[in-house]
1. Please pick out the residue among 21, 62 that is at pLDDT 95 or above and under 23 Å from the mean Cα position of the chain (by Cα).
2. Among the residues of the range 27-40 satisfying the criterion of being touching a strand residue (DSSP E or B) at 6+ places or on another chain (Cβ under 7 Å) and surrounded by fewer than 23 Cβ atoms within 10 Å (Cβ to Cβ), which is farthest from residue 227 (Cα to Cα)?
3. Any idea which of 275, 211, 181 is surrounded by fewer than 16 Cβ atoms within 10 Å (Cβ to Cβ) and either under 18 Å from residue 105 (Cβ atoms) or more than 23 Å from the chain's Cα centre (by Cα) (or both)?
4. For residues that are surrounded by fewer than 20 Cβ atoms within 10 Å (Cβ to Cβ) and near the ligand (Cβ under 8 Å from one of its atoms), scanning just the range 118-133, find the one that is modelled with the highest pLDDT.
5. Restricting to the range 278-312, what's the tally of residues that are touching a strand residue (DSSP E or B) at 6+ places or on another chain (Cβ under 8 Å), part of a loop (DSSP other than H, G, I, E, B) and away from the ligand (no atom under 16 Å from the Cβ)?
6. Being in contact with a strand residue (DSSP E or B) (Cβ under 6 Å, 6 or more places away or on another chain) and within 12 Å of the ligand (Cβ to nearest atom) narrows it down to one residue among 136, 196, 186; which is it?
7. Collect the residues in the range 146-162 that are within 16 Å of the ligand (Cβ to nearest atom) and surrounded by fewer than 22 Cβ atoms within 10 Å (Cβ to Cβ), keeping them in residue-number order.
Ligand code: UD1
């Protein structure tokens, strides 16, 4: 029941080393199940979502162990079941990649419906449409998705909506299918390219990842490799915005600047000074924070996973900005928390009108989800007074060593263990 206490007003200054990408790791670790041998995965972020994925794989019999702080050895050979029964799998969205990976490995997967999801809110209909096109059938029973196939054959699949998860799951299921699979209107996110590079390094034949048509020629076997995961674009963007919100000067290192283009473009439009290096990006406050309109879009558009953070920055910019969330239906829930700190934001469906205020003021707030939690941290760093953030487990799902990284660049942030009684009283 820990909380973060953040005393705002310190200008963040210095370098932050960015960890491996959460969403790439959550696809690549289960993808090892398709290999005949063990794989060594480097630059793995040690975050709770990744630790949950490791526990699920261990429960299924795989041998998974940390070789050092960020390198995992994953040996799929001892795997003894196609059922991911651990309740952890039901809590995390990324566990749905076990469907594609297990289907590709042994033509059968039984996986809980991913966390908090149903067909209305966070659907998986396109994943299932893809599996069906490859020759699988599925049923939903007792909260579990049961997908199986006698054999998998290549097919042409058009995604009605650009979906990261469906693109990845179809790639995983198709990589050892018989013949060629074509995914049209595929997602183009950097972690899709990373997964394709990983699978290709194991002997797969995938072309076009990073464009909206991906072609997967099925192969019989994949072999073990050593592979390093790309840096986390969203973690980098979060520290860039945190630096801007505190009028600071922050350099994110170990990044691929190309993946940060849409974020850099918007920060530049707001008046920040951006300097791009080979593997680093510096964001420096240059005396102003201008209003700016944002529309979230699939890659290479502005990422929805940066929307709460940039909206927080806009809440202390000069003038009125419009934020259009075009990917998810209900991604402004955190705005109520920001308003408790003095933000002036009105939400109407997928649109938020953000009227910049002079400053935010500390208040007790909740990290209602992962990126909402990142937004609360940014607000607290910029606010006057000491903000208390609860439900920080949501933040630790996706940010490695967030307290240490922020302290290193000058933030006054503490993690405090709160007695359960106290927490209950606070609710
Ligand atoms: C992934 C990311 C998440 C990010 C999102 C969009 C992981 C673990 N999570 O989620 O952080 O916010 O990409 O960049 O990588 N859709 C359908 N049918 C489907 C699947 C999706 O209609 O079968 C719709 C969704 O409702 C949503 C849109 O497609 O409106 C995009 O969702 P998708 O790209 O699939 O998101 P996730 O893969 O779940």
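The values are calculated or read from the model by the stated rules, or taken from the named source; none is laboratory data. Being a predicted model, the structure only gives us computed values, none of them experimental. Backbone-built Cβ (ideal geometry, glycine too); neighbour counts: all protein chains shown.
1. When all the criteria are applied, what remains is 21.
2. Once the filter is applied, the top-ranked residue is 38.
3. 275
4. So the residue we want is 129.
5. Of the residues in that region, 8 qualify.
6. 186
7. 158, 159, 160, 161, 162
Here is a yes/no grid of residues against (1) closer than 29 Å to residue 380 by Cα; (2) in the same structural domain as residue 244 (by TED's automatic domain parsing); (3) at pLDDT 95 or above:
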{"position": "14", "(1), (2), (3)": "yes, yes, yes"}
{"position": "27", "(1), (2), (3)": "no, no, yes"}
{"position": "39", "(1), (2), (3)": "no, no, yes"}
{"position": "42", "(1), (2), (3)": "no, no, yes"}
{"position": "48", "(1), (2), (3)": "yes, no, no"}
{"position": "52", "(1), (2), (3)": "yes, no, no"}
